[in-house]
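Written below as structure tokens is the structure these notes are about.
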Amino acid sequence: MERLEPIFSSQQVSERIAEVASEISQSYKGVQEPVVFVCVLKGAFVFFADLLRRVDLQPEIEFVRLASYGAGTTPSQEVTLSQDVEVSLQGKHVLIVEDIVDTGRTVDYLRGELGKRGVASLEVSCLIHKLERREVDADPNFVCFTVDSGFVVGCGLDYAERYRGLSAINRVIFSQEKE
Ligand code: 5GP
């Protein structure tokens with residue numbers, strides 16, 4: 001059985017999201033074209049809702065969901081969109097809101113896919129930027145927290161569909177792991 005070690009408290013999460021929301025508001029301030037926040041399901045939904053309530057903007061909201069095909073957890077997995085946005089992104093400023101950028105493959109794929117649609121701009125915000133397993137150059141534009149390694153849960157992030165409702169971000173300690 002795994003156990004959890006808090007790495008960012010509920011208060012730290014909420015304060016940091018407010019700071020990033022303010023950076024995002026500043027960055028899109030005064031743009032003429034519509035701004036669309038695209039939530040990457042499922043993991044980003046809590047961060048997305050927190051961010052949305054803290055920005056000083058009135059963005060449209062859309063949701064995408066990705067499916068990975070391939071052997072288990074190997075990095076050779078193919079990513080596809082299993083749920084697409086429901087509106088045209090033509091001429092709009094698009095902010096992808098992702099839970100974690102890990103290998104960078106998901107964000108790289110989404111940037112490619114949404115970038116084909118005539119957007120005015122395309123940027124990425126994430127709750128957690130993980131550095132250990134980066135495979136592609138996919139640096140997010142707005143980052144709440146950076147972690148070197150480990151598997152994290154809480155704030156929408158799961159381990160086997162558990163722990164999404166925790167308001168702190170926790171590292172999972174698996175029983176065979178040294179502490
Ligand atoms: P990528 O490797 O394509 O950058 O990240 C793909 C997805 O893997 C993330 O959106 C996230 O859903 C999942 N992921 C990567 N690292 C973690 C982690 O530490 N915890 C959880 N819960 N999901 C993770």
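Quick note: the coordinates plus some simple rules give every number you see, no bench work behind them. Given the structure is predicted, the values throughout are model-derived calculations rather than measurements. Using ideal geometry, Cβ is built from the backbone for each residue, glycine included, and neighbour counts are taken over all protein chains shown.
Quick check for you: which residues of the stretch 40-60 have the amide N under 15 Å from the point 7 Å beyond the Cα of Glu2 toward its beta carbon?
Within reach of a label on Glu2: 43.
Where in the stretch 114-174 are there trypsin sites (Lys or Arg not before Pro) that are in a DSSP coil and have at most 14 other Cβ atoms within 10 angstrom of their Cβ?
Values: sites: Lys116, Arg117, Lys130, Arg133, Arg134, Arg162, Arg164, Arg171; in loops: Lys116, Arg117, Arg133, Arg134, Arg164.
Passing both the DSSP loop test and the Cβ count: Lys116, Arg117, Arg133.
Which order results if Thr146, Thr103 are arranged by neighbouring Cβ count within 10 Å, fewest first? Can you show the working numbers first?
Values: Thr146 11, Thr103 17.
By the 10 Å Cβ count, ascending, the order reads Thr146, Thr103.
Counting Lys +1, Arg +1, Asp -1, Glu -1, what net charge surrounds Arg164 among other residues with beta carbon under 9 Å of its beta carbon?
Numbers: positive: Lys42, Arg162; negative: Asp158, Glu161.
So the surrounding residues net to 0.
Per Stokes-Einstein, at 20 °C and 1.002 mPa s, what whole-number D in µm² s⁻¹ belongs to the chain, with the Kirkwood radius over Cα pairs as the hydrodynamic radius? Let's see the in-between values first.
Numbers: Rh = 16.8 Å.
Approximately 127 µm²/s, per Stokes-Einstein.
Using the 10 angstrom Cβ neighbour count as an exposure proxy, how do Asp50, Asp108, Asp56, Asp99 rank, fewest first? Walk me through the numbers before you get to the answer.
Numbers: Asp50 21, Asp108 17, Asp56 11, Asp99 24.
Ascending number of Cβ neighbours within 10 Å: Asp56, Asp108, Asp50, Asp99.
Averaging over every viewing direction, what projected area does the convex hull of the Cα atoms of the stretch 110-179 cover, in nm²? Kindly include the intermediate steps, with their values, before the conclusion.
Numbers: hull surface 26.1 nm².
With the hull built on Cα positions only, its mean projection is 6.5 nm².
Hand me the GluC sites (Glu not before Pro) from the stretch 87-134 located in a DSSP loop with no more than 15 other Cβ atoms within 10 Å, in residue order please.
Numbers: sites: Glu98, Glu113, Glu123, Glu132; in loops: Glu132.
Passing sites in the stretch 87-134 are Glu132.
What's the extension gain from Ala160 to Ser25 if we count 0.36 nm per residue and subtract their Cα-Cα distance? Don't jump to the answer; show the numbers that get you there.
On the way: separation 135, 0.36 × 135 = 48.60 nm, distance 3.41 nm.
Fully extending the segment from Ala160 to Ser25 adds 45.2 nm.
Does anything in the stretch 37-64 have its amide N under 13 Å from the 7 Å Cα→Cβ label point of Ser82, and if so which residues?
41-43, 64
How do Arg105, Arg53, Arg16 line up, fewest other C-beta atoms within 10 Å first? Intermediate values should be presented prior to the final figure.
Details: Arg105 21, Arg53 10, Arg16 17.
Taking fewest neighbouring Cβ atoms as first place, the list is Arg53, Arg16, Arg105.
Do you know the relative contact order of the chain, to the nearest whole percent, from alpha carbon pairs under 8 angstrom that are 6+ apart? Please list the in-between numbers first.
Working: 350 pairs, mean separation 47.2, N = 179.
So the answer I get is 26 percent.
Shape verdict for the stretch 1-40, please, from the Cα gyration tensor: rounded (a/c under 1.5), prolate (a/b greater than b/c) or oblate. Numbers along the way, then the final one.
Values: a/c = 6.52, a/b = 2.26, b/c = 2.89.
Because a/c hits 1.5 or more and a/b fails to exceed b/c, the stretch 1-40 counts as oblate.
Treating the angle as unsigned and between 0 and 90°, give the value, to the nearest 10°, between the Cα long axis of helix 105-115 and the longest Cα principal axis of the chain.
10 degrees
Treat each spin label as a single point 7 Å out from the Cα along the C-beta direction, and report the Ala168 to Ala18 distance in nm.
So the two model labels end up 2.0 nm from each other.
May I ask you to derive the FRET efficiency for Glu123 and Glu33 from their Cβ-Cβ distance with R0 = 22 Å, giving the value to the nearest 0.05?
0.95
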